[in-house]
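Structure, as structure tokens:
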Amino acid sequence: MKEKDQTPRNLSHHERQPSSFNKVMPIVKEAKLQNMWLYNKLNGNWYTPDEFQTKYQNNEYNNFDVSRILENMVIRNPIAGVNAFHKQLNKELEDLSTATKILRERGEAFEKKVIEYYQGNGAK
């Protein structure tokens, strides 16, 4: 979870102390028991419990890192993510349709203006 140079320099003595992935394991076990996945609220990434464990278990952590992982990770039903994807996709398609309609109307109005100008008295 920790990226280079993102850990604040003013950590307390406790926050700097080495920690272990074992402190994070209960959330992984709970996700497996509930047949759910882990969702990172900070970056929107989804992990199966096994993916999460593989990604994070071999890294070195301090207490600050473990706290950040735990505060940003929640157990969620992955179907909620699928539903959110469909909702966002539909919204984007609707927005694109609206933008396309506006562009078409503006373009057709301009085209009509050009044709009228050259067919009428405007062009000399």
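The values are calculated or read from the model by the stated rules, or taken from the named source; none is laboratory data. Just so we're clear, the structure is a prediction, and the values are computed from it rather than from any experiment. Neighbour counts are summed over all protein chains in view; Cβ atoms, including those assigned to glycine, are modelled from backbone coordinates with ideal geometry.
Observations on the structure shown:
- Verdict on LEU96 being part of a helix (DSSP H, G or I), under 30 Å from ASN10 (Cα atoms) and of a type in the set (A, V, I, L, M, F, W, C): no
- Positions within the stretch 72-91 being farther than 14 Å from TRP37 by Cβ and in contact with a Leu (Cβ under 9 Å, 6 or more places away or on another chain), in sequence order: ASN72
- Exactly one residue among ILE69, ILE75 is under 18 Å from the mean Cα position of the chain (by Cα), in a helix (DSSP H, G or I) and among the aliphatic types (A, V, I, L, M), and that residue is ILE69.
- Options LYS29, LYS124, LYS101: the member that is part of a helix (DSSP H, G or I), farther than 30 Å from ASN10 by Cα and either modelled with pLDDT under 95 or in contact with a helix residue (DSSP H, G or I) (Cβ under 7 Å, 6 or more places away or on another chain) (or both): LYS29
- The residue that is surrounded by the fewest Cβ atoms within 10 Å (Cβ to Cβ), among those in the stretch 40-61 that are over 9 Å from the mean Cα position of the chain (by Cα) and in a loop (DSSP other than H, G, I, E, B), is ASN58.
- Residues in the stretch 75-124 that are exposed (fewer than 10 other Cβ atoms within 10 Å of the Cβ) and charged (D, E, K, R): LYS124 only.
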